[in-house]
There are 2 protein chains.
Amino acid sequence: MIELLLMNKGLVLVTNDDGIHSPGLMALARSVREIADAYVIAPDRERSAVGHALTMHRPLRVENLREQVYSVNGTPTDCVAVGLAKILPQKPSLIVSGINRGANLGDDITYSGTVSAAIEGTIFGVPSIAVSIMLDGTQPPHYEAAQHYCLLAARFVLKNSLPYDTLLNVNVPNLPLREIKGVKFTRQSKRIYDGSVHETASPWGEIFYWIGGGKPYWEHGEDTDINAVMEGYVSITPIHLDLTNNKAIGWLRDKWNGI
Amino acid sequence: MIELLLMNKGLVLVTNDDGIHSPGLMALARSVREIADAYVIAPDRERSAVGHALTMHRPLRVENLREQVYSVNGTPTDCVAVGLAKILPQKPSLIVSGINRGANLGDDITYSGTVSAAIEGTIFGVPSIAVSIMLDGTQPPHYEAAQHYCLLAARFVLKNSLPYDTLLNVNVPNLPLREIKGVKFTRQSKRIYDGSVHETASPWGEIFYWIGGGKPYWEHGEDTDINAVMEGYVSITPIHLDLTNNKAIGWLRDKWNGI
C-alpha cells in the first residue's frame, strides 16, 4: 500500500450527489485515504436526479469545512468543475463519486448526479469512478462492501488508468461483504418507469404533478448491470462519453437520400 | 403534406430549454403545425445547462396557457415526463426540442436541456429530435433555416422512424437558408473548456465562483458535428442512449484478472 501511494503521488477527489453530510461520502473518503491523499468536495445538500447540471445563472459559494473537506452550494458537476479549477492544488489522479444510496443502473445513469460527477471528471481528462449501492428500503446500506469494491476499482484505475473518454459505473448489491459473489463487467441495461407521475392537490384544490416512484421494467438481458447486481455480484460498466450511434450514420445517409 | 398528415395521425410534442416565451420554440411549433398536430409543453422559464434533471423533490405546476400550449415550472425532462403521462391525449409520434439559441455539440450535449428532453422521449420509446442554432453573438438567429431543416428531419423520422434507443441531434449554422450547403451526418466531437470558472466577490468581500464562458478547444476531426457546422452544413448526429463502451469490457476483464 505504501508502494502504491508512492507510485501515485497525486490526489483523489471524492464527491457525491447525496451531499456533504451523507454517511456514504464519509465512508468513501475514509477508504480512499488508505491509499491516497483525498480531498472531499461535495454539494452542501442532497442533489439527486440533477443530471449533468452545471450552475451558470448564479455564483457558487465554497465552504472549507475542515482540512481538505469543502462544500459547494451547487450540483455534483459544479463540485468537480470548481474543484479542478479552483480548489485542488494539482490535477487529481482519480475522481470517485459516491457511495450513492441507491443504484445507478440502465438509463437512470443519465439522470444521476453521482454518475454526472464522473462524467465531468472524464471530460476534463481525469479517470473517474461512480459507486452506488442498490437498496430496497428494507436494509440499511452495507457501506463496508461498497468501500471494499470501490477501493479495488480505485487501485485498478490508479494502476491501469482507463480507456479514452470512459468512466467506470460501479453498482454494489446491499449485502455483507462475505456474501458478495465477485465482480461482473457488464453493459448498461434498459428500463422504463411506469406510473411515475402522480397527481396531487394543494390545500386550495389546485392540481400539481409529482414525479417519482413508479414501477421500473428492466430489460434483464445477460451481461447487464441490473442482472449482475440482482445475482449478488458487483456490476462494473465502462461508460463512454461518445454517444454517437456509429452504425446509424450509414443508415441515415442511405434513407435520407431517398426522401 | 395532407397525405403525410393522414399517414401519421399522431401528435408531435414540441418542447425546449429556453422556456415557453422563447421565439425559437414558437418558430418550431409553427413549422411542425404544417405537417402535424402539435402540442407545446415547455418550461415556464429558461432552463439551460440543466442536464437530464428530473424534479422529484417538489410537485410541478402545469399551466394551460392557450389551446395545446402548456408551461411547466420544471426542467425540459419534467415537461416530457409530465406531458407523456398526464397532458397529451395519446402517445406522440415524435418529440422535437428546440430551436435552441446556441449549439449543442460535442460533450456539451450531456449538459443540454434541449438534448435531454429528446433523451427522455427516447427512453419512453418516442422518436425524438433536438434542434439548435450555432450562434456567435453577432447575428440574430436565422430561425427560418433551422425551421426548414427541422421539418425535413421531422418528415424523415415520421416516415422512417429511428434506430432503437437513438435520437437525432441537429445543429444548424446561423446562416440564411440559401447559404446553407446541405446536411452532413456526423459523429459527436470532443471539447474542453478552459478557464470557465471565474472568481467574483460579494459586496461584503466574500469569494464566489461563477461557471461560464471560457475558451472551448474542439477536436476538429473529420465527420464531426463541429466541423460540419463550421463549414456551413447542417450537422445531424445519431445519439445512442446505450453508453456502454463495449470494447472496454474485454480490456477490463483481462486487466482485472491481473490485479
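The values are calculated or read from the model by the stated rules, or taken from the named source; none is laboratory data. Only a predicted model underlies this, so the values are computations on that prediction, with no experimental measurement involved. Neighbour counts run over all protein chains shown; Cβ positions are idealised from the backbone, glycine included.
Among the residues of the stretch A:72-83, those identified as out of contact with any helix residue (DSSP H, G or I) (no Cβ under 7 Å at 6 or more places or on another chain) and over 22 Å from B:T55 (Cα atoms) are A:V82, A:G83. Scanning the stretch B:64-77 for residues that are within 17 Å of the chain's Cα centre (by Cα) and assigned to a loop (DSSP other than H, G, I, E, B) gives B:G74, B:T75. The single condition from (1) among the charged types (D, E, K, R); (2) surrounded by 22 or more Cβ atoms within 10 Å (Cβ to Cβ); (3) modelled with pLDDT of 90 or more that B:E34 fails is (2). Of the residues making up the stretch A:135-159, those that are assigned to a loop (DSSP other than H, G, I, E, B) and touching a Pro at 6+ places or on another chain (Cβ under 7 Å) are A:L135, A:H142.
Tell me whether the stretch B:187-199 contains one or more residues that are over 30 Å from A:I87 (Cβ atoms), of a type outside the set (S, T, N, Q) and facing chain A (nearest Cβ under 7 Å). Scanning the stretch B:187-199 turns up at least one residue that is over 30 Å from A:I87 (Cβ atoms), of a type outside the set (S, T, N, Q) and facing chain A (nearest Cβ under 7 Å). Among residues that are in a loop (DSSP other than H, G, I, E, B), closer than 23 Å to B:D242 by Cα, within 14 Å of chain B (Cβ to nearest Cβ) and in contact (Cβ under 8 Å) with a residue 60 or more places away in the chain, A:V50 is included.
Just a yes or no: is a residue in the stretch A:187-201 modelled with pLDDT of 95 or more and assigned to a strand (DSSP E or B)? There is at least one residue in the stretch A:187-201 that is modelled with pLDDT of 95 or more and assigned to a strand (DSSP E or B). The residue that is nearest to A:T244 (Cα to Cα), among those in the stretch A:160-186 that are in a strand (DSSP E or B) and free of Cβ contacts under 8 Å to residues at least 60 places away in the same chain, is A:F185. Checked against the criterion of being touching a residue at least 12 places away in the same chain (Cβ under 8 Å), within 21 Å of A:K215 (Cα to Cα) and buried (at least 22 other Cβ atoms within 10 Å of the Cβ), the stretch A:137-155 contains not a single residue that satisfies it.
Taken over the stretch A:248-259, the criterion of being assigned to a helix (DSSP H, G or I), surrounded by fewer than 20 Cβ atoms within 10 Å (Cβ to Cβ), facing chain B (nearest Cβ under 7 Å) and of a type outside the set (F, W, Y) is satisfied by A:I249, A:R253, A:K255.
Within the stretch B:174-205, being crowded, with 19+ Cβ neighbours inside 10 Å and more than 23 Å from the chain's Cα centre (by Cα) holds for one residue alone: B:V197. Considering only residues in the stretch A:215-247 that are more than 9 Å from chain B (Cβ to nearest Cβ) and part of a loop (DSSP other than H, G, I, E, B), the one that is surrounded by the most Cβ atoms within 10 Å (Cβ to Cβ) turns out to be A:Y233. Of the conditions (1) in contact (Cβ under 8 Å) with a residue 24 or more places away in the chain; (2) surrounded by fewer than 20 Cβ atoms within 10 Å (Cβ to Cβ); (3) of a type outside the set (F, W, Y), B:R61 fails just one. Which one is it? So the condition that B:R61 fails would be (1). Taken together, the criteria exclude B:G205 from residues that are within 23 Å of B:I133 (Cα to Cα) and assigned to a loop (DSSP other than H, G, I, E, B). The number of residues in the stretch B:85-126 being assigned to a loop (DSSP other than H, G, I, E, B), touching a residue at least 60 places away in the same chain (Cβ under 8 Å) and under 24 Å from B:S189 (Cα atoms) comes to 5. Any residue in the stretch B:235-255 that's closer than 17 Å to A:V170 by Cα: show its pairings with residues that are in a loop (DSSP other than H, G, I, E, B) at Cβ separation under 7 Å, as long as the two are six or more apart or on different chains. Correct list of pairs: B:D242/A:Q188; B:D242/B:D165; B:L243/A:Q188; B:L243/A:L243; B:T244/A:Q188; B:N245/A:P163; B:A248/A:P163; B:W251/A:P163.
Within the stretch A:233-259, the residues that satisfy the criterion of being within 29 Å of A:G121 (Cα to Cα) and of a type outside the set (A, V, I, L, M, F, W, C) are A:Y233, A:S235, A:T237, A:P238, A:H240, A:D242, A:T244, A:N245, A:N246, A:K247. A:F208 fulfils the conditions (1) more than 8 Å from chain B (Cβ to nearest Cβ); (2) touching a Pro at 6+ places or on another chain (Cβ under 6 Å); (3) surrounded by 14 or more Cβ atoms within 10 Å (Cβ to Cβ) except for a single criterion, (1).
Per-residue answers, yes or no, for (1) hydroxyl-bearing (S, T, Y); (2) over 18 Å from B:Q90 (Cα atoms):
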| residue | (1), (2) |
| --- | --- |
| B:G19 | no, yes |
| B:G24 | no, yes |
| B:V32 | no, no |
| B:E46 | no, yes |
| B:L54 | no, yes |
| B:R58 | no, yes |
| B:E63 | no, yes |
| B:Y70 | yes, no |
| B:N73 | no, yes |
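Tell me which of these B:I239 doesn't satisfy, since it passes every other one: (1) at pLDDT below 95; (2) under 30 Å from A:G74 (Cα atoms). Going through (1) at pLDDT below 95; (2) under 30 Å from A:G74 (Cα atoms) one by one, B:I239 breaks only (1). Could you check, for the stretch B:78-101, whether at least one of its residues is facing another protein chain (nearest Cβ under 8 Å) and within 15 Å of the chain's Cα centre (by Cα)? Scanning the stretch B:78-101 turns up at least one residue that is facing another protein chain (nearest Cβ under 8 Å) and within 15 Å of the chain's Cα centre (by Cα).
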